[in-house]
Amino acid sequence: VTTANLTIQNRGTVVDELIIKVSGIPIEWVKITKERVPLLPNAQETVTLTFAPPRRPESTATDHAFIVSVISREYHTGANANGTLKVLPFQGFSFNLNPQRSTRDFQLMVQNQGNAPTAYRFQGSDDEQALTYQFGQDGVTLQPGQSGAIALHVAPKIKPRVGTRETRSFNIIASPLDAA
């Protein structure tokens, strides 16, 4: 969240109502303390604009150009001020194993819940080091809000004897490829 102050002055000779609009960024990202400002001739007033992009993947981490327009209701003219809102990145990542129990084949369901591209590599581990892990791909790169599925094959290093059934637990670890 950040704020900016906008000072408006009525340079006309009559009482005027000045209308303030912001364009170029989603309207829900900005709140204006007063969208309509009545001013006497030569009077001025400061209006505060509060920028608060929501913490969602749609609020992409980049510079967003916007325009603040002040329009005279009396003269039907206006002035524009250009600005740039820098949205900083945030990370959010989730993954789930589907199904949770299987004889050997799984799907790793991944989702980037952040607002910047992200890349992860996966590895499997178990306490006895008795399993091998084969991922459908070494890593994954996802855009903001993007989801995907990665095949995972888990097998014992030593084949169990015929007729025996073993249940083994294991962990899947996601490591970011970006050092930041």
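The values are calculated or read from the model by the stated rules, or taken from the named source; none is laboratory data. From a predicted model like this one, the values you see are computed outputs, not experimental measurements. Here the Cβ positions follow ideal geometry from the backbone for every residue, glycine too, while neighbour counts run over all protein chains shown. These area figures cover heavy atoms from the full protein model, side chains too; ligands, DNA and RNA do not enter into them. Shrake-Rupley method; radii C 1.70, N 1.55, O 1.52, S 1.80 Å.
When you go through (1) on the phi < 0 side of the Ramachandran plot; (2) exposed (fewer than 13 other Cβ atoms within 10 Å of the Cβ); (3) outside any strand (DSSP E or B) one by one for Ser102, which number turns out not to apply?
Evaluating Ser102 over (1) on the phi < 0 side of the Ramachandran plot; (2) exposed (fewer than 13 other Cβ atoms within 10 Å of the Cβ); (3) outside any strand (DSSP E or B) leaves (2) as the failure.
How many residues are under 22 Å from Arg11 (Cα atoms) and of a type in the set (Lys, Arg) if we restrict to the stretch 27-60?
2
If Asn115 passes every condition in (1) loosely packed, with under 15 Cβ neighbours inside 10 Å; (2) out of contact with any strand residue (DSSP E or B) (no Cβ under 8 Å at 6 or more places or on another chain); (3) in contact (Cβ under 8 Å) with a residue 24 or more places away in the chain but one, which one does it miss?
Here Asn115 clears every test but (1).
Within the stretch 19-57, count every residue that is exposed (fewer than 14 other Cβ atoms within 10 Å of the Cβ), within 20 Å of Leu88 (Cα to Cα) and β-branched (Val, Ile, Thr).
The number of residues fulfilling the criteria is 2.
Please enumerate the residues belonging to the stretch 80-91 that are open to solvent by 60 Å² or more (accessible area, probe 1.4 Å) and not β-branched (Val, Ile, Thr).
Matches in the stretch 80-91: Asn80, Asn82, Lys86, Leu88, Pro89, Gln91.
In the stretch 148-180, what count of residues is obtained for those that are within 13 Å of Phe122 (Cβ to Cβ), open to solvent by 40 Å² or more (accessible area, probe 1.4 Å) and outside any loop (DSSP other than H, G, I, E, B)?
6
Search the stretch 118-142 for residues being aromatic (Phe, Trp, Tyr) and farther than 22 Å from Arg55 by Cβ, and hand back the single one that is least open to solvent (accessible area, probe 1.4 Å).
Among those that are aromatic (Phe, Trp, Tyr) and farther than 22 Å from Arg55 by Cβ, it is Phe122.
Would you say Gly145 is open to solvent by less than 50 Å² (accessible area, probe 1.4 Å) and part of a loop (DSSP other than H, G, I, E, B)?
Answer is yes for this residue.
For the stretch 104-121, name all the residues that are of a type in the set (Ser, Thr, Tyr) and over 14 Å from Pro89 (Cα atoms).
Listed by number, the list holds a single entry, Tyr120.
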